[in-house]
Structure formats: C-alpha cells, structure tokens
Amino acid sequence: MRPASRKRIGDLLVEANIITTVQLEEALAHKKRDERIGDYFIKQQWITENQLIEVLEKQLGIPRIHLSQYPIDPELIRLVPKELAKRADLMPVRRDQNKLLIAMADPMDYFAIEELRMVTGCQIETSIAAKDDIFRTITKYYDLEESMEDAMGDLVSADEEAQINDITDKDSPIVRLVNQIIANGVVQRASDIHFDPQDQDLKIRYRVDGVLREERTLPKNMQNIVIARVKIMGNLNITEKRIPQDGRIKSIVHHRPIDIRLSTLPTIYGEKIVMRVLDLSNALNDLDNLGFTAQNLQAFQSMLNKPNGILLITGPTGSGKSSTLYAGLNHLNDEKVNIITIEDPVEYQLAGINQIQVHEEIGLTFASGLRSILRQDPDVIMIGEIRDMETAQIAIRSSLTGHLVLSTLHTNNAIESISRLTDMGIEPYLLSSSLLGVMAQRLVRRVCRDCAEHRAPSEHEQKVFEQYDIPVTKITQGKGCPACTNTGYRGRLAIHELLQVDEMIKGQITKQATSIEIREYAKTKGFKTLMEDGLQKVADGLTTIDEVLRVATSN
C-alpha cells in the first residue's frame, strides 16, 4: 500500500487547504471517541461530504462510485455479514473470481478491510461512496429485501389463523417488513409514508422534502395483512374498515426516537394509510435554524419578548408553522415562565412546558380548554390553531389581560390574517389593541451542498429579480448526487413575510383600512413579502427560483 494511504484524513484535508490546522486540532479535541473525524467536519459544516470524497479520491487514487447505478447480487449479501456492513459503513458491490469490490464511506478503515478479507477469503478492492448512499443501500438490500422475501414466503404457506398471529409476533416476517418500510423512510428523511391501495397492488410512497415519490410496490395479496399490522401498531380497531381512524406510534429507529401520527381512510380499493413521521432528534428547536433573515429574526424575537399580546403564524398545512411555534416556545422556555399549550395533536413533547391534547369527543375543545388554562396562572399560552370565533375571542381577550398568546391561522399571507379575524367577528378595536404581529411562511427545498453548482441567471430570471429590485450575479442549483438521491435538493428552509404591528397599523386596523393600504404602509417600514424573501434566498444560493415560484405568489 502506498505511503500516502497511511496519512490521516485530517492531514489530507489540511494539505488540500479545505480545513485549517486549528480546525483539525479542535476536531481531535472535541469529537466523540468512536466518531470518525470526517463525520465531525461535516457535522460542523466545515466541509461537505462531496469535498471529503473528492480529496480521498484524488489523494489516494481510490475511485468513487454511485451505488444506485449498481444492481447488487444477492450472493454478495450472503457473503458479507450484515453486522459488519452496518458497523463499518461498507457495501459489497461486485465479485470477480477472488476479488471483491466494496464501497466504503471511509476507505482508510484498514481494520474493517482486514476483517472483511478474513471473513470472505477474498482480496479486497476499495471504492468510495457517500455515507448516506451506503446507508440507504444497506437498508434496501440487507433489511428490506430480506424482510420482503421472508414475508412473501410466509404468506404463501400460512393459513388465516397463522396470518393473524404473524401481525402480533414481533419476530414474524410481516412485522419485520413493516418495520423496515418505516426505517427506510426515516433513513431517507421522509416526512410522510403513504400506503396506497390500488386495483392490482399496494404502493408505498415517501414524501421527502415536500415531494412524494414511489418507493416500492407490494403484491395485492399482502395488502390486508400489511394494513392490519400498521393498524395494530397504532392501537386501531383492525375489524373496522368503513370509517377513518387516527392513531399514534412511538418507536426507536436507528437509535433515534420517532413519533408517528397515523391516519386511515377507506377507499374503493381498501384502506389508505398515511404515517406522519416526527423525528424527535431532528426537531427544529432553535430560531437560528429556521431560515430567518437577520432583520426578521430580530423582529420575531422582539415580539416573543413582549409581556402580552398575540402573535400569529399563518400558512397552509405542511408549511412548518408548528416547527416555528415550538422554536418560539423553546426560546421562551424558562423556569420563571409558566407556559401552557393546547394542541390538536401534540406533535413534539417539550420538557418544562405544560401541553394539553384536544379531545372534542369529550368536550375538550380549543375554546373550553383555553378557559381552563386562564385559571392556571399562565404567562405564555400557545393555541395550536384558531379555528372559530369563540377561540379567537378568548385568545384576543387573553392577550389583553397580560398574557402572551401564540397561535396559527390558515390564510395566504400575513396581512390577510387581519381581515380573516374581523370576518370571524373580532371587533377591530380589540384586534388593534392586542395584535403584535403576523408571520406567514412557506417551506422551499434547499439546494444540496454536495452537488451545488453556479451559473449566470437567464434573461427571464433576471427580469424577475429586477421586478423586485433584488441584485443577483449567479444562480445556484444542484446537479444531483447520491446525497440528495439525484434531486439536486437536500433539506428544506422557510421563507417568511413578517408584519410588525406599530401604532400606524393599529390605527389602520381600527379604521378597517384595506389590505392594500396596510401593505403599502408596511413596505415603507421594510416589510418584505414571501416572494421577496424567497428571491433573496435564491440570490444567496440557498434555494432555486422554481421552488420560490412553486410556493409563493406575487402580491
């Protein structure tokens, strides 16, 4: 082996001028004992995984491969133990007589290479692949395909009574298959998992970064037993197939706590199930992580720090309103502050905060729960959603009697929320006295850092930016790589429009000024619409103009 291959990854990155010696020393001092140093650099966002792979490829002469382009022979899966593949982040790719090509996240892990040589009896040739690419491939071939084969075989041989036992036995193939479908969704960062019954089969789809894609298709004869297993996990009635049901699943997937909200819906081809995956380890709980501009972050924090008033967050379902509310509560969470929430459902459980789950069937609604909350001496109240006049009136009165109230509302933009509340029956003078501000938000996909490339804006794009007087010199977009499953996007960020209610706007609300009049004044004070905030983030290289146009309209 060449001497260069004996160098540490950290030294190679320093030689390539990607990190400094100071950063290397900090990493060696602070990384966990069993943590790879490259993973620490990526976590700190000092480098991208793509930069790490490029350095290893260039310095060591080890080729890079994309595992999605290689069909994996089942014989290789039986040759390399699953435990070793998962522990060392490696995947067998191809065997040529006595030579075994493997993909590794860390091709300098000589102990793993030697262990693999002893286990397989083969001469080992290494290649580099992205860690997520390896993780997804291991999950697909070692876990999901194995569970699928076992479940199919078990289903053919089992009678009806045995099938019922299968969905309750944690070691049965069908239980393992459903668990692996969920685990695979978590690996791919899916926010929702769909079980869609069709005429001839059962489709499994994942929503990743806000976009649905088909993952796999199960035979029609597996539909009933798979759906029944999911319903048992959510403590639902498996004999009731005529009406919708809702449930909840708590689980640990790959050492991460996962909370799943379950919803069933009867369709002509059977029950459709949607799982909403809440990854508690990735819950956004810091305002700095929400994509605020410096101006909006400062304004939002100043409103949160007010002793009383009402602060509203608006947007459609799936626009990140709950994440922003929880981040706001986390900012306020202190032992000196009594925070009480009423939600439907309680999505994330926060330590030190009293959270109430709405139960309309027994009379615990937002309005009735809110009345009880006011007798509990709260400082901050969070209402999951203002849905009706009664809830709106109690929320407004609560904010006028010394409480800070946070809530959500379904409107298209921030300024429309004012007319929405007056349409509900709230008197303009009460609204003007209590409203601190309204923030509308949407989620856009973030350009993948690993495959981002720059180009000059097109003529059409230049015109759009000029229309909003936003300077732009280059457009950033992802060309597609294993880290983002060739989409060019990885993760999401929010775009915002934040209306701060000052004395002038209070007067406009009392006089029932139009939305256009309020907007024109707000713009003189620096108000930015969703479109303007989104286009600024395009100019900053964070997202694309297509994403902004998909979720925001000019107003």
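Data for the structure
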item: Relative contact order of region 345-500, defined on C-alpha pairs under 8 angstrom at six or more residues apart (%); result: 19
item: Prolate/oblate/rounded call for region 264-364, Cα gyration tensor, a/c under 1.5 rounded; result: prolate
item: Square roots of five times the Cα gyration tensor eigenvalues for region 472-555, Å; result: 35, 11, 10
item: Projected label distance in nm at LEU28 and GLN512, using a 7 Å step from Cα toward the beta-carbon; result: 7.3
item: Extension gain from GLU427 to ASP286, taking 0.36 nm per residue of separation minus the Cα-Cα distance; result: 47.3 nm
item: Chain lengthening between LYS58 and HIS254 when straightened (0.36 nm per residue, less Cα-Cα); result: 67.3 nm
item: Inverse mean reciprocal Cα-Cα distance (Kirkwood Rh) of the chain, Å; result: 26.6
item: Whole-number percent relative contact order across the chain, with pairs defined as alpha carbons under 8 Å at least 6 apart; result: 9
item: Share of carbon and sulfur in the accessible heavy-atom surface of region 230-278 [1.4 Å probe, %]; result: 56
item: ASN235/THR21 FRET efficiency (R0 60 Å; Cβ-Cβ; nearest 0.05); result: 0.60
item: Segment LYS523-GLU75, extension gain: residue separation times 0.36 nm, minus the distance between their alpha carbons; result: 154.8 nm
item: Surface per residue (accessible, 1.4 Å probe) for the chain, Å²; result: 48
item: Relative packing of peptides 440-446, 332-338 - highest average C-beta neighbours within 10 Å first; result: 440-446, 332-338
item: Restraint check, LYS99/LYS131; LYS131/LYS537; LYS479/LYS537; LYS82/LYS220; LYS31/LYS131, Cα-Cα greater than 21 Å; result: LYS99/LYS131; LYS131/LYS537; LYS82/LYS220
item: Unit Cα scatterers, Debye sum, region 337-481: log10 I(q)/I(0) for q = 0.10, 0.20, 0.21 Å⁻¹; result: -0.54, -1.19, -1.30
item: Spin-label pair ASP546/THR293, simplified geometry with 7 Å Cα→Cβ offset, distance in nm; result: 2.5
item: Calculated FRET efficiency for the pair LEU374/GLU503, C-beta based, R₀ 45 Å, to 0.05; result: 0.95
item: Cα-based Rg of region 41-111 normalised by 2.2 N^0.38 Å, two decimals; result: 1.22
item: About the Cα centre, charge dipole magnitude for region 438-524 (Lys/Arg +1, Asp/Glu -1 at Cβ), debye; result: 480
item: Ranked packing of 470-476, 85-91, 536-542, most packed first, by mean Cβ within 10 Å; result: 85-91, 536-542, 470-476
item: List ILE9, ILE342, ILE232, ordered by accessible area with a 1.4 Å probe, largest first; result: ILE232, ILE9, ILE342
item: Per-pair calculated FRET efficiency, R0 = 45 Å: VAL211 and GLN123 via Cβ, rounded to 0.05; result: 0.60
item: Two-site label geometry, GLU360 and ASP469: point separation in nm, points 7 Å out along Cα→Cβ; result: 4.6
item: Among THR239, LEU262, THR314 - extreme Cα towards positive end, dipole of region 215-327, charges at beta-carbon; result: THR239
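The values are calculated or read from the model by the stated rules, or taken from the named source; none is laboratory data. Computed from a predicted model, the values in this text were never measured in an experiment. Glycine gets a Cβ as well: all are built from the backbone with ideal geometry, and neighbour counts include every protein chain shown. With ligands, DNA and RNA removed, areas are computed over all heavy atoms of the protein, side chains included. Shrake-Rupley method; radii C 1.70, N 1.55, O 1.52, S 1.80 Å.
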